[in-house]
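Working notes, structure below.
The values are calculated or read from the model by the stated rules, or taken from the named source; none is laboratory data. Just so it is clear, the model here is predicted, and its values are computed rather than measured. Note that each Cβ is placed from the backbone with ideal geometry, even for glycine, and that neighbours are counted across all protein chains shown. Surface areas here come from the heavy atoms of the whole protein model, side chains and all, with no ligands, DNA or RNA. Shrake-Rupley method; radii C 1.70, N 1.55, O 1.52, S 1.80 Å.
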Amino acid sequence: MTPPYYFGTIAALSEALSVGKVSSLQLMREVIARTREVEPRVGAFNSFDELDALAQASASDLRRTEGRTLGLLDGIPIGLKDVIAVEGQPLTASSRMLANFVSPYDATVTRKLKAAGAICWGRLNLDEFAMGSSTENSAFKPTRNPYNLECVPGGSSGGSAAALAAGCAIATLGSDTGGSIRQPASFCNVVGLKPTYGLVSRYGLVAYASSLDQIGPMTRTLEDAAIVLGVIAGHDRNDSTSYPAQIPDYRSAMTTVRGPWRIGIPKEYFGEGLDPEVESAVQAAIAHYRTLGCEIRTVSLPHTQYGIAAYYIIATAECSSNLARFDGVRYGHRSSEARDVNELYFKSRAEGFGQEVKRRIVLGTYVLSSGYYDAYYLRAQKVRALIRNDFLAAYRDVDAILTPVAPTPAFRHGAKKDPLELYLNDIYTIGVNLAGLPAVSIPCGFTRAGLPMGLQLIGQPFREAELLAIGRAYEREHPWAERHPSL
Amino acid sequence: MSSEPNINIEHIATLARIALTDDEKRIFASQLGDVLAYIEKLREVDVSGVEPMAHAFPVFNVWIEDVSGPALPVEAVLRNAPASRDNMISVPKVVE
Amino acid sequence: MQYEAVIGLEVHVQIRTESKIFARVRTGYGFEPNTLTDPVVLALPGVLPVMNKAALDAVIKAGLMLGCRIAPVCKWDRKNYFYPDSPKNYQISQYDQPICSGGSVEIELPGTARNLMGEHKRIPLTRIHLEEDVGKLNHAAGDSLIDFNRAGTPLMEIVSEPAMHTPDEAFAYLTALRTVMIYAGISDCDMEKGQLRCDANISIRPKGEQKLGTKVELKNLNSISFVRDGIGHEIKRQIALLSSGGKISQETRDYDGMTGTSQSLRSKEMAHDYRYFPDPDLMPVKVDDAWKDLLQAECPELPFEKQRRFFEQYRLPYTITSVLIPDRGLCDYFEKAVGHAGEGRAQPVGNWIVNDLLREMNVQKQSLAESRVRPEHIAELVKLIDEGTLLSNLAKDVFVEMAATGMRPAPIIDARGLKATTSVDELEQWCREAIQSNAKSLADFKAGKDSAINAFKGPVMKAAKGKANPKLVDETLRRLLAQI
Ligand SMILES: [Mg+2]
Ligand SMILES: [Zn+2]
């Protein structure tokens, strides 16, 4: 491969590392230099620890000289969204509430990355507590889109998408509750995979909505996504919702699983509000699959229109309870004004949480409050079942479903102020979380204004290998991610 | 669900233990009113006979046998604590 | 007006497990503050709960012993409320699908005298559910200090129907419940350590009335006798209030057992809104017959069943069973001793245990396990006495030495020369001498005064240094007297 290495893929870099073309230390130094150079403009990192990263790189090089290399990720810098715990490192969730919190433990994915020799590099910005889709809700700073600094990188994993797109990491991890991996991936021209709910352990992921949250890889290629997924997936006894699934070798499986496939196009996903440029890019991808001999079928997901309502009830209800632990007692921000413990709660939480977090906690508290449970939460859970059933019914006829990721490409900073308008933007990604399905966002071109766009492939539960293979059939001939931003 | 959702923001903020400014109360009440009005959509859906979905892929009886693991050292317990003494977390006096 | 009290109890029992209910760190009492925590217990950002199977086993066992219906499927709910001792500010509990429902606790009311068995009745249960304990707040002058060691200890909440009417019933209920829990090894139920905690809901109504009165919740009843006293106090308070034209307000009151007074904690207008919803972090539990059967096999005989069996099988009097039954270990000890001694000797075996063994354990401050007297030693002792080898007036001393040394009775008797005299020749000689040296009593006896025989026994015993078997002495004397 050719420099700069910071734009390399895991597949290529692990090859270069193994033949001694480059050392991990050299790679890490390049990534650090690149980060120092562009980070002031992009703002993807909440913090990074250069000395720690260099030490990890040296350790990897030493393993390599001793013939104890741990795998494809050994010596590769991988950035982590700042909601994933790394022992001894800050864990802020981009909230004032946790501005000074240092995690005393590793998330399961962190432990697995470390065991695979990866360098856990940097704490990546997000919408506070993963609530948002623009990374403007960070308590510290907004992250900017590397393809246009005036635009948002998407969110909530905006830091993870922007850092990767800007060459400040070789891969990153994000988390996806309603599209928080896929939407920023589409805004920043990278691959973003939201695995089946339960495939990747949530232990050590700061919870937003427990029944929807899932950690996933953000990478430059689907092959890289397969490599990272293979490391982080798998049953974890520390997460009761972790599913005891067999973990295949995704990387080799995605090359052996072959089409042609039956691909479903849900008519409800191509209606009003879809940007024409996004629509034509997605239609072009559909045309590509047709030329490959795939059968394109129109399918119906009739309850799509209720997804956002159900999502905002379930997600906010769960978040109102999940975020109750941030009370200024054991850790986190504590108001200096409080005279008794009740005031301590009210003031610490008022000072520690940003507007969007407060808004969602209040909504979630409301929908669970006495007398409303059946009308809101219980009904939303039933609608959720109907939405899942829609997908499962569709999968009787098709192997995967192809849709846009977001109705529009990246929007400008400050352009969307109304919360409801922002919530409605999640229309294409939310159903996947409600149904617990795997889905991947794949770069599918640029607008005339030069902004990236993405297509979404939604797969069947625990069949990520097939999903990646289907995506690869498009990506192979449309390697949009190779076009890097000029920063 | 009433046809015109009316949020008692004061009461809800108390349950959530968040001190809201008057401005916040006003803005939130109106924004949440919009969201709740939107959520009213769900009333259209026929959910009779539908089992509520609490988990994407429910598995029964997920547990661990009764074997103990390590404790967090007390220094680590207190390192992130805003205030502590005598190895305990200190809070302003609790009034019933 | 005649009033009737209606009492329901909510009892929290800490389940004895090695590790916490949703975390792997160990449980314990009396440890240095905050040394029994981990990221899960402290509710650090990102952590998740995982069920401890032993806690489920324990609550199902409790349900089986109390005749509850065991739900085929149950789930976990979050009870949301803010309090500094609750790390997550929600408690994982069971709301609308408790693991056990129905069932009852058999109780024994006080008898008319100490040695007489009291009336038995059954107090119906509403439900038993599983949940997690919270940490402990220590109130200082200027602040409050939190120790999270207790947080996450498995806890079962046992809710009775409002079916008790007197403080004695409540006392008997707690006593019986506690015994069952201890029998099953579910908990040690040490109230001083907070392993059993009780809240009481109390209301009164005119006798004959069906409708329930306004209930008052009484908290901090932290010993079984405080439960009885506190409820008695509260019933009196409510009757006095109603009689003087006052009104009972629905409230929570705190009982101070030291002063025997109570005061209002909070009125119900600050009512909580717990916003229960299913915990998305935990999976539901399915209890099948195989699991239940397995636990059923581990359930011990219930205390009162055992008592009924002891009455029938061993013909034991109430005075002995009432001492044995509360202590399952002591019952097992008794049955082991009877196994060695023979069922015909059950009563003396029981007597030695409840009188002498317990006295020696008490004096030496020993538990049953620490006592050096083994069941077979007691059996041997009873046999030796029964066979006339050891005189009962000497047996007490022998027992004291058994307790002190752990020796069997026979070697002690040998070593101290306490064996009852069995040489017939020697005994006949002493008897002859005694008769010959007391002509008056001989004449009296021959004249038909049977009690005159006693006059010969003293000198015989004296000659035998107290080691003669009185039965044998009596027999020998009569034989010789008949020959004269
Ligand atoms: Mg608390
Ligand atoms: Zn309870």
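Any chance you could count how many residues in segment C:71-106 are open to solvent by 20 Å² or more (accessible area, probe 1.4 Å), away from chain B (no Cβ under 13 Å) and farther than 18 Å from C:Pro154 by Cα?
4
Restricted to segment A:167-224, and to residues that are assigned to a helix (DSSP H, G or I), touching a helix residue (DSSP H, G or I) at 6+ places or on another chain (Cβ under 8 Å) and crowded, with 24+ Cβ neighbours inside 10 Å, which residue is nearest to the other protein chains (Cβ to nearest Cβ)? Don't jump to the end; show me each part of the working.
The initial filter retains those residues of segment A:167-224 that are assigned to a helix (DSSP H, G or I), namely A:182-187, A:222-224.
From the residues that got through so far, the ones that are touching a helix residue (DSSP H, G or I) at 6+ places or on another chain (Cβ under 8 Å) too are A:182-185, A:187, A:222-224.
From what's left, crowded, with 24+ Cβ neighbours inside 10 Å: A:182-185, A:187, A:222, A:224.
Details: A:Arg182: 17, A:Gln183: 20, A:Pro184: 21, A:Ala185: 21, A:Phe187: 24, A:Leu222: 23, A:Asp224: 25 Å.
Result: A:Arg182.
What number of residues within segment C:435-484 satisfy the criterion of being open to solvent by less than 40 Å² (accessible area, probe 1.4 Å) and touching a strand residue (DSSP E or B) at 6+ places or on another chain (Cβ under 8 Å)?
4
What are the residues in segment B:86-96 that are facing chain C (nearest Cβ under 7 Å) and either without any contact (Cβ under 8 Å) to a residue 12 or more places away in the chain or under 15 Å from A:Leu344 (Cβ atoms) (or both), if any? Can you show your working first?
As a first pass, look at segment B:86-96 and keep what is facing chain C (nearest Cβ under 7 Å): B:86-94, B:96.
Once the filter is applied, which keeps residues that are facing chain C (nearest Cβ under 7 Å) and either without any contact (Cβ under 8 Å) to a residue 12 or more places away in the chain or under 15 Å from A:Leu344 (Cβ atoms) (or both), segment B:86-96 yields B:Asp86, B:Met88, B:Ile89, B:Ser90, B:Val91, B:Pro92, B:Lys93, B:Val94, B:Glu96.
Considering every residue within segment A:43-62, establish whether at least one is open to solvent by less than 10 Å² (accessible area, probe 1.4 Å), among the aromatic types (Phe, Trp, Tyr) and more than 30 Å from A:Arg251 (Cβ to Cβ).
no
Given the structure, is C:Gly28 more than 8 Å from every other protein chain (Cβ to nearest Cβ), touching a residue at least 12 places away in the same chain (Cβ under 8 Å) and surrounded by fewer than 19 Cβ atoms within 10 Å (Cβ to Cβ)? Quick ask: steps written out before the conclusion?
Numbers: more than 8 Å from every other protein chain (Cβ to nearest Cβ): yes; touching a residue at least 12 places away in the same chain (Cβ under 8 Å): yes; surrounded by fewer than 19 Cβ atoms within 10 Å (Cβ to Cβ): yes.
Spelling it out, C:Gly28 is indeed more than 8 Å from every other protein chain (Cβ to nearest Cβ), touching a residue at least 12 places away in the same chain (Cβ under 8 Å) and surrounded by fewer than 19 Cβ atoms within 10 Å (Cβ to Cβ).
Name every residue in segment C:142-164 that is in contact with a Cys (Cβ under 9 Å, 6 or more places away or on another chain) and farther than 20 Å from C:Asp199 by Cβ, in order of residue number. Show your work before the answer.
Pass one, segment C:142-164, residues in contact with a Cys (Cβ under 9 Å, 6 or more places away or on another chain): C:156, C:158.
Within segment C:142-164, none qualify.
Have a look at A:Thr403, A:Thr429, A:Thr408 and point out the one that is assigned to a strand (DSSP E or B), at pLDDT 95 or above and closer than 30 Å to B:Leu32 by Cα. Steps first, answer last, please.
On the way: A:Thr429 fails: assigned to a strand (DSSP E or B); A:Thr408 fails: assigned to a strand (DSSP E or B).
Sole residue among the options that is assigned to a strand (DSSP E or B), at pLDDT 95 or above and closer than 30 Å to B:Leu32 by Cα: A:Thr403.
Of everything in segment C:126-185, what is part of a loop (DSSP other than H, G, I, E, B), under 25 Å from the mean Cα position of the chain (by Cα) and more than 15 Å from ligand 1 (Cβ to nearest atom)? Give them in sequence order.
Step one: filter segment C:126-185 for residues part of a loop (DSSP other than H, G, I, E, B), giving C:133-135, C:140-142, C:148-153, C:161-163, C:165-166, C:184-185.
If we keep only those that are under 25 Å from the mean Cα position of the chain (by Cα) as well, we get C:133, C:150, C:153, C:161-163, C:165-166, C:184-185.
Within segment C:126-185, C:Thr153, C:Glu161, C:Pro162, C:Ala163, C:His165, C:Thr166, C:Ala184, C:Gly185 qualify.
Filter segment A:225-255 down to residues that are in contact (Cβ under 8 Å) with a residue 24 or more places away in the chain and in a helix (DSSP H, G or I), then give me how many there are.
Total meeting the criteria: 12.
Can you say whether C:Val6 is in contact with a Lys or Arg (Cβ under 7 Å, 6 or more places away or on another chain), away from every other protein chain (no Cβ under 14 Å), open to solvent by less than 30 Å² (accessible area, probe 1.4 Å) and more than 16 Å from ligand 2 (Cβ to nearest atom), as far as the supplied structure shows?
On the way: in contact with a Lys or Arg (Cβ under 7 Å, 6 or more places away or on another chain): yes; away from every other protein chain (no Cβ under 14 Å): yes; open to solvent by less than 30 Å² (accessible area, probe 1.4 Å): yes; more than 16 Å from ligand 2 (Cβ to nearest atom): yes.
Yes; evaluated as a whole, the condition is true for this residue.
For segment A:310-337, enumerate the residues that are aromatic (Phe, Trp, Tyr) and either within 12 Å of chain C (Cβ to nearest Cβ) or under 20 Å from A:Leu91 (Cα atoms) (or both).
Correct list: A:Phe326, A:Tyr331.
Report, by residue number, each residue of segment A:153-169 that is farther than 26 Å from A:Gly332 by Cα and within 15 Å of the chain's Cα centre (by Cα). First the steps, then the outcome.
Looking only at segment A:153-169, we keep the residues that are farther than 26 Å from A:Gly332 by Cα, and these are A:153-154, A:161-169.
Within segment A:153-169, A:Pro153, A:Gly154, A:Ala161, A:Ala162, A:Ala163, A:Leu164, A:Ala165, A:Ala169 meet the criteria.
Sort out which residues of segment B:19-78 are of a type in the set (Asp, Glu), at the interface with chain A (Cβ under 9 Å from one of its Cβ atoms) and within 30 Å of B:Ile9 (Cβ to Cβ), and write them in order of number.
B:Glu24, B:Asp34, B:Glu40, B:Glu44
Tell me yes or no: at least one residue of segment C:368-389 is assigned to a helix (DSSP H, G or I), in contact with a helix residue (DSSP H, G or I) (Cβ under 9 Å, 6 or more places away or on another chain) and polar (S, T, N, Q). Explain how you work it out, then say what you get.
Taking segment C:368-389 first, the residues assigned to a helix (DSSP H, G or I) are C:375-386.
Going one step further and asking which of them are in contact with a helix residue (DSSP H, G or I) (Cβ under 9 Å, 6 or more places away or on another chain), we end up with C:375-386.
Then drop every residue that is not polar (S, T, N, Q), which leaves none.
No, there is no match, as no residue in segment C:368-389 is assigned to a helix (DSSP H, G or I), in contact with a helix residue (DSSP H, G or I) (Cβ under 9 Å, 6 or more places away or on another chain) and polar (S, T, N, Q).
Give me a count of the residues in segment C:366-392 that are closer than 21 Å to C:Gly466 by Cβ and among the polar types (S, T, N, Q).
So the count comes out to 2.
If you check A:Ala380 against the conditions, is it open to solvent by less than 10 Å² (accessible area, probe 1.4 Å), at the interface with chain B (Cβ under 8 Å from one of its Cβ atoms), touching an Asp or Glu at 6+ places or on another chain (Cβ under 7 Å) and farther than 25 Å from B:Ala19 by Cβ? Don't jump to the end; show me each part of the working.
Values: open to solvent by less than 10 Å² (accessible area, probe 1.4 Å): yes; at the interface with chain B (Cβ under 8 Å from one of its Cβ atoms): yes; touching an Asp or Glu at 6+ places or on another chain (Cβ under 7 Å): no; farther than 25 Å from B:Ala19 by Cβ: yes.
Answer is no for this residue.
Testing C:Ala403 on (1) touching a residue at least 12 places away in the same chain (Cβ under 8 Å); (2) open to solvent by 10 Å² or more (accessible area, probe 1.4 Å), one condition comes back false. Which one is that?
Result: C:Ala403 fails condition (2) only.
Any residue at all in segment A:356-371 that is at pLDDT below 95, out of contact with any Asp or Glu (no Cβ under 7 Å at 6 or more places or on another chain) and either within 16 Å of ligand 2 (Cβ to nearest atom) or open to solvent by 10 Å² or more (accessible area, probe 1.4 Å) (or both)?
Among the residues of segment A:356-371, at least one is at pLDDT below 95, out of contact with any Asp or Glu (no Cβ under 7 Å at 6 or more places or on another chain) and either within 16 Å of ligand 2 (Cβ to nearest atom) or open to solvent by 10 Å² or more (accessible area, probe 1.4 Å) (or both), which makes the answer yes.
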